[in-house]
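Shown next, in structure tokens, is the structure this report addresses.
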Amino acid sequence: MTTLTTPASTASQTAPQPLFERAIDVLACPYCGGDLRSDGQKVHCQGCAKTFNIDSGIPQLFAPHDPEQQKGDVTDIVKAFYEENPFPNYDDIDSEQTLMEKATRGVFARLLGEQIPQGALVLEVGCGTGQLTNFLGMHYNRRVFGSDMCLHSLRLANGFRERCRIKNAGFTQMNLFRPAFKPGVFDLVISNGVLHHTADPLGAFQSISRLVKPNGVIIVGLYNKIGRLTTDFKRFLFRITADKLSFLDAHMRNKNYNQDRKRAWFFDQYKHPHESKHTYSEVLNWFEANGFDYLSSIPKIDPGPFTDEEKLFMPHDRGTSFTRWVTEMEMLMTGGKDGALFIMIGRKRKS
Ligand SMILES: C[S@@+](CC[C@H](N)C(=O)[O-])C[C@H]1O[C@@H](n2cnc3c(N)ncnc32)[C@H](O)[C@@H]1O
């Protein structure tokens, strides 16, 4: 696998991340919620006096979901999986230019990059190897934190950030159920492809939604219950054929992917130890119950094509339960492309 970390002996490996120096006030102790201060070597809680290590420049602010948890807890199992299989793979991305090219090939990252308001404070929860965080952090007038529980992924993320000197991105280890940030501070919280890998997706949504400030925005990407039936079927086929039919997945046939990228995709889609699936209507209920108004989605649930000009942060029609079901059936009919992930965007009400 291509790694982007610099050798362990270089000074930059342990250098504090500039964004943390500048924005330490938005951080909070994941145990007591107290203010955090850093001396460059460790992070100290001013409330409960706990001390947190900094590994390769990354504050280790991970707190277990439930201190009484049994071994075999979903968080532990998923964490071990991603320590072994960081996602997404960095393959041939070795510069700001190549990351920018990859990110802007996908409509979601490109529209986000264009439409996030000037000066926004952004948090990506479950950033994996941090490609989106690093891409968004290249903008001069924006501060973007990436958080994940997997240290291996974060080292790749922060290694890339250091190499490319991306000053407006910063990474921390964190369990989304025990956030290391103060409530109500972010203009935008993004969590794409993450909540469905937890034992309690609604609880996870509630946890991260508390970090959004009034009038701020939340973006969640989840596997779709209907659209992902194709993936479920392929997983079954691969299992009974000892993965001999893996070429049935279009990503595995893609000539532009190297072996590492194919492996990262295959494991994430077909060998994952835990996933759940969700519907548009279910997430609308989450929004409603937690004080968010629906803005938009990918794929769209309102009539009309998704264009390059789509306004992600403008209110769109939420459709009916029937039109939402039709959208999900379309996802299925088009082969559950890209794992049948659907993205929902909502704005937090002011009161
Ligand atoms: C499929 S990857 C998605 C990575 C990235 N968001 C993307 O779209 O490419 C899921 C990520 O969620 C992280 N994750 C899962 N449960 C988590 C938790 N409880 N706290 C923090 N991160 C978590 C995993 O470590 C993993 O990196």
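The values are calculated or read from the model by the stated rules, or taken from the named source; none is laboratory data. Just so it is clear, the model here is predicted, and its values are computed rather than measured. Reconstructed Cβ throughout: ideal geometry from the backbone, glycine too, with neighbour counts over all protein chains shown.
If a residue must be charged (D, E, K, R) and away from the ligand (no atom under 15 Å from the Cβ), how many such residues does the range 138-150 contain?
Total satisfying the criteria: 2.
Yes/no per residue for (1) more than 25 Å from LEU341 (Cα to Cα); (2) surrounded by fewer than 23 Cβ atoms within 10 Å (Cβ to Cβ); (3) free of Cβ contacts under 8 Å to residues at least 60 places away in the same chain; (4) within 10 Å of the ligand (Cβ to nearest atom):
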{"position": "HIS152", "(1), (2), (3), (4)": "no, yes, no, yes"}
{"position": "ARG165", "(1), (2), (3), (4)": "yes, yes, yes, no"}
{"position": "ASN168", "(1), (2), (3), (4)": "yes, yes, no, no"}
{"position": "VAL185", "(1), (2), (3), (4)": "yes, yes, no, no"}
{"position": "GLY193", "(1), (2), (3), (4)": "no, yes, no, yes"}
{"position": "HIS196", "(1), (2), (3), (4)": "no, yes, no, yes"}
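Starting from residues that are free of Cβ contacts under 8 Å to residues at least 40 places away in the same chain and touching a Phe, Trp or Tyr at 6+ places or on another chain (Cβ under 9 Å), keep the ones in the range 119-136 and report whichever is nearest to LEU222 (Cα to Cα).
THR133
Please work out if PHE108 is at pLDDT 90 or above, in contact with a strand residue (DSSP E or B) (Cβ under 8 Å, 6 or more places away or on another chain) and surrounded by 14 or more Cβ atoms within 10 Å (Cβ to Cβ).
On the way: at pLDDT 90 or above: yes; in contact with a strand residue (DSSP E or B) (Cβ under 8 Å, 6 or more places away or on another chain): yes; surrounded by 14 or more Cβ atoms within 10 Å (Cβ to Cβ): yes.
Against the criterion (at pLDDT 90 or above, in contact with a strand residue (DSSP E or B) (Cβ under 8 Å, 6 or more places away or on another chain) and surrounded by 14 or more Cβ atoms within 10 Å (Cβ to Cβ)), PHE108 qualifies.
Filter the range 80-137 down to the residues that are among the aliphatic types (A, V, I, L, M) and within 9 Å of the ligand (Cβ to nearest atom) and list them by number.
Residues of the range 80-137 among the aliphatic types (A, V, I, L, M): 80, 93, 99-100, 103, 107, 109, 111-112, 116, 120-123, 125, 132, 136.
Selection gives VAL125, LEU132.
Looking at the range 203-238 only, could you name the residues that are within 29 Å of LEU19 (Cα to Cα), in a loop (DSSP other than H, G, I, E, B) and within 14 Å of the ligand (Cβ to nearest atom)? Walk me through how you get there before you give the answer.
As a first pass, look at the range 203-238 and keep what is within 29 Å of LEU19 (Cα to Cα): 203-222.
If we keep only those that are in a loop (DSSP other than H, G, I, E, B) as well, we get 210-211.
Of everything in the range 203-238, just one residue is within 29 Å of LEU19 (Cα to Cα), in a loop (DSSP other than H, G, I, E, B) and within 14 Å of the ligand (Cβ to nearest atom), namely LEU211.
Would it be correct to say that LYS262 is surrounded by 15 or more Cβ atoms within 10 Å (Cβ to Cβ), free of Cβ contacts under 8 Å to residues at least 12 places away in the same chain and outside the structural domain of PHE87 (by TED's automatic domain parsing)?
On the way: surrounded by 15 or more Cβ atoms within 10 Å (Cβ to Cβ): yes; free of Cβ contacts under 8 Å to residues at least 12 places away in the same chain: yes; outside the structural domain of PHE87 (by TED's automatic domain parsing): yes.
Against the criterion (surrounded by 15 or more Cβ atoms within 10 Å (Cβ to Cβ), free of Cβ contacts under 8 Å to residues at least 12 places away in the same chain and outside the structural domain of PHE87 (by TED's automatic domain parsing)), LYS262 qualifies.
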